[in-house]
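Asks: Mind having a look at this structure? Questions to follow.
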Amino acid sequence: MPAVGFRTMYRNPESRPPMDPRSNRSHSILALVALLATACGGGSSVSNASPRIDDVPLQVTTGGSFSLDLGDFVRDREGASLTYAVTAGGGSFADSVYSHTFDSMGEYEVQFTVGDGAKTTPGSFRVRVTQADFAVVLEDQSGLLLLDTGTLGFVRVTGAAATPSFAAGLGDGRLVYHVAAAAGQQLWVFDPMARQATRLGADQPAPAQYVARTSDHRVLYTTGSGANRRLAVFNPRTGLARQIAEGVLDSLTVVVNADDLVFYEVGVDGQADVRCYDPEADASTEVGAAPTDEQIQGLLPNGGIVFSRLGAGGEADLYYFRFGTGLVEVGADVAAIGSRNKIYNGAGSASQVVFTAQSGAVSEVFAWNPANGQTTAISAEFGDGEYDLVASIGSGNEVVLQRVVSAAEVDAFFYDLDSGLGGVVRDDSDVSAVVAVSGDGTTTWAFVLASGSNSTLRAISLVATPATQSWTAGGPVSTTIDRLPNGDVVAARADGTALAVFDVSVGSWAPAITGTDLAFAGVGVDGGDFVYSATVGAQTDLAMWDASAIASVVVSDVAGDDVYQARAADGAILFTRVGSGGNADLFRWDGATTRLTDVDAAGLAHDHAVLGQYFGAR
């Protein structure tokens, strides 16, 4: 408490006794002691002290509902009942517990006050949200937004850019996007944590083009065009870009394996060589450096690559490369195909290379195994004028072949890379078109339309003794077949009057959906579900086939045309609806409908479309 001094007042100043400094000091000390004794006794009260707030450390959350008990950081000397209030940053208090759902990934400051009824103390703390499931939303062909599909909060990326487009979503949450510009396309990386965008290749000739990414979130991109095209890598953790190569071809192929090794092509003396860049070592290694043209054909599951090389006789040969193995010519153990053109068709799960060897009218299919360097013939013996083409490779390593017998007859066969056994899919005197191959990891099915009966779609199991399940559509079936993530297949009549789904696990067709202008729209809420559009009256509505209920449910049939956009990570359906004003607003459906966009603060309406989705965490 403050010190208090007293002085004795005299009517006649001249009659004051002489001052003794020591006497005056003694009186002052005695008076102070007396006052302190009075103040600390029961006869008086101490003035109230403000609540004291300790430093609140940075709070980290993965997202969703966040709560924090600030009572652990607040003290009041008198033990008074305290009240808490948010002054900035959003959220609310229940007693001392703060709660809020922040919009999305990012760092937020919350400001608050604590009061004891008489005095109030301000405080603050920061919250870092480290992950989000994003949908990339285009606004009016000029704006770009990130929608957090868990919180339904929006983060603005661009406001009025020239036709932004989605390039990639990185695993750390950053967004890679393009923007059209007068001098050439620009490439940008947006960080939702810092809410800042960085332009890549700004110091190089335009255009800039995204080409690939690594698992540790580095971005590979090119700048320039023609002979001036360059390949570079950007590390968002350091903010630094590094040129890897110059003079890369316009037909550049870039693949990144599971070890984050980057394989690419570079022009040398008018032809292409293949190189490998290691981001950790920041160094490139020659993979294919022959004096003839070399082009990357594919990346294999074991991290190796297949590339073509122009051979001495003008034929296209195939080569396999993997660190630890080196460079090996594919099919070199079969002398009979040495001078033929080799065409890469795909790979099995054990990195078996499936390729076609062609010479004139002869076209045969082979499989080469990098584990032992052995080549196996997949095609059977041909008659004159016959040849095989690879239609697809199933998830169970079944190579499905189309055998051209004549212009009027094409048959279908399969060969299992694992068992070495094959079988007939369909052999008849018409054209058997394999329009899809799908399975659940246990049984794979080939879906075949025959020219002689194109109103029937056959699902044929790729086993030793194939089973056939047919959908008789009552009219020509579309050759466009849609595949769901669980392997189920959705087929449609060409006139849009019927849809049918085939359950690959059960091995049967579900009852057909009938209507007008029916069209597959996208993946539904659960496995086996899918959303489709239909014309009802004068508008386009959305419905979902519920696989578990074996029935359809309405997604949206409100006035206005609906367009499916995406399935969110939590299973909800994102779609747009064109309202009376002609703009497309964004909605969410998970059994109930939630409107996500409306007119802005200025009363202006906007068009919206979902360009892509990704998950990010940091």
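Throughout, read-outs are computed from the coordinates displayed, never taken from laboratory work. For clarity, every value in this text was computed on a predicted model and none was experimentally measured. As a convention, Cβ positions derive from the backbone with ideal geometry for all residues, glycine included, and neighbour counts pool all protein chains shown.
Asks: Please report, in debye to the nearest 20, how large the charge dipole of the chain is about its Cα centre when each Lys and Arg carries +1 at its beta carbon and each Asp and Glu carries -1 there.
Replies: Working: 36 positive and 70 negative charges, 708 e Å.
The dipole of the chain has a size of about 3400 debye.
Asks: At q = 0.18, 0.19, 0.20, 0.23 Å⁻¹, what log₁₀ I(q)/I(0) does a Debye calculation on the Cα points of the range 445-567 give, no solvent, two decimals?
Replies: -0.93, -1.02, -1.11, -1.38
Asks: Also, I was wondering about something else. Ranked by Cβ crowding within 10 angstrom, fewest neighbours first, how are Leu299, Leu147 ordered? Kindly include the intermediate steps, with their values, before the conclusion.
Replies: Values: Leu299 18, Leu147 28.
Starting with the residue having the fewest Cβ neighbours, the order is Leu299, Leu147.
Asks: Rounded to the nearest 20 Debye, what is the dipole magnitude of the range 53-129 about its Cα centre when Lys and Arg each give +1 and Asp and Glu each give -1 at the C-beta?
Replies: Details: 5 positive and 11 negative charges, 18 e Å.
Around 80 debye, computed over the range 53-129.
Asks: Using the charge dipole of the chain (Lys, Arg: +1 at Cβ; Asp, Glu: -1 at Cβ; taken about the Cα centre), state which of Thr442, Thr597, Phe66 has its Cα farthest towards the positive end.
Replies: Of Thr442, Thr597, Phe66, it is Phe66.
Asks: Between Ala336 and Ala549, what is the label-to-label distance in nm when each label sits 7 Å out along the Cα-to-Cβ direction?
Replies: Reported label-point gap for Ala336 and Ala549 is 5.9 nm.
Asks: Summing -39500 (n - 2.57) over the DSSP H runs of n ≥ 4 in the chain and dividing by its residue number, what mean residue ellipticity at 222 nm do you reach, to the nearest 500 deg cm²/dmol? Please list the in-between numbers first.
Replies: On the way: 1 runs with 20 residues, N = 618.
Estimated from H runs of four or more residues: -1000 deg cm²/dmol.
Asks: Taking other Cβ within 10 Å of each residue's Cβ, how do Arg52, Arg458 sort, fewest first?
Replies: On the way: Arg52 13, Arg458 21.
In order of increasing Cβ crowding within 10 Å: Arg52, Arg458.
Asks: Further question: For the modelled label position 7 Å from the Cα of Leu152 along Cα-to-Cβ, which residues of the range 81-111 have backbone nitrogen atoms closer than 15 Å?
Replies: 101-104
Asks: Here's a follow-up. Please check the chain for the longest run free of GluC sites (Glu not before Pro) that are loop-located per DSSP (anything but H, G, I, E, B) and have at most 15 other Cβ atoms within 10 Å. Could you put the intermediate results ahead of the total?
Replies: Details: sites that count: Glu78, Glu280, Glu381.
My reading of the result: 382-618 is the longest stretch.
Asks: Now for a different question. So for each of 424-430, 304-310 I average, over its residues, the number of other beta carbons within 10 Å; can you give me the resulting order with the highest mean first? Present the calculation step by step, with values, prior to reporting the outcome.
Replies: Numbers: 424-430: 15.6, 304-310: 22.3.
Peptide ranking by packing, descending: 304-310, 424-430.
Asks: Show me 472-478, 559-565 ranked by packing, highest mean number of other Cβ atoms within 10 Å first. Can you show the working numbers first?
Replies: Values: 472-478: 17.1, 559-565: 19.1.
Result, highest mean first: 559-565, 472-478.
Asks: Once Lys and Arg get +1 and Asp and Glu get -1 on their Cβ, which of Leu231, Thr540, Leu152 lies farthest toward the positive end of the dipole of the chain?
Replies: Highest projection toward the positive end goes to Leu152.
Asks: Here is a follow-up. If we count every other residue with Cβ under 14 angstrom of Glu280's Cβ, Lys/Arg +1 and Asp/Glu -1, where does the sum land? Before the final figure, lay out each step's value.
Replies: Details: positive: Arg218, Arg237, Arg242; negative: Asp216, Asp259, Asp260, Asp278, Asp282.
Counting the neighbours of Glu280, the net charge comes to -2.
Asks: Please arrange Met544, Met193, Met105 by how many other C-beta atoms lie within 10 Å of their C-beta, fewest to most. Intermediate results must be reported in sequence, preceding the final value.
Replies: Working: Met544 24, Met193 18, Met105 29.
Final ranking by Cβ density, sparse to dense: Met193, Met544, Met105.
Asks: Between the range 167-218 and the range 380-396, what is the separation of their alpha carbon centroids in Å?
Replies: The two parts, judged by their Cα centres, are 43 Å apart.
Asks: So what's the projected area for the chain, the Cα convex hull averaged over all directions, in nm²? If you can, show how the numbers build up before the last one.
Replies: Numbers: hull surface 189.2 nm².
Projected over every direction and averaged, the Cα hull of the chain covers 47.3 nm².
Asks: Relative to the present Cα-Cα distance, how much length would full extension add between Asp384 and Val424 at 0.36 nm per residue of separation? Working shown, then result.
Replies: Working: separation 40, 0.36 × 40 = 14.40 nm, distance 1.98 nm.
Here the answer is 12.4 nm.
Asks: Relative contact order of the chain: what whole-number percent is it, with Cα pairs under 8 angstrom and at least 6 residues apart?
Replies: Numbers: 1480 pairs, mean separation 43.2, N = 618.
Rounded, it is 7 percent for the chain.
Asks: Sticking with this structure for a sec: Principal axis lengths of the range 53-129 from Cα atoms, whole Å, largest first?
Replies: Its Cα atoms span 39, 19, 15 Å along the three principal axes.
Asks: Would you calculate the separation in nanometres between label points at Glu109 and Ala464, each defined as 7 Å from the Cα along the Cα-to-beta-carbon direction?
Replies: If labels sit at Glu109 and Ala464, their model points lie 7.3 nm apart.
Asks: Checking the a/c ratio against 1.5 first, then a/b against b/c, what shape does the Cα gyration tensor give for the range 541-618? Walk me through the intermediate numbers first.
Replies: Details: a/c = 2.49, a/b = 1.26, b/c = 1.99.
Oblate shape, in that a/c is at least 1.5 and b/c is the bigger or equal ratio.
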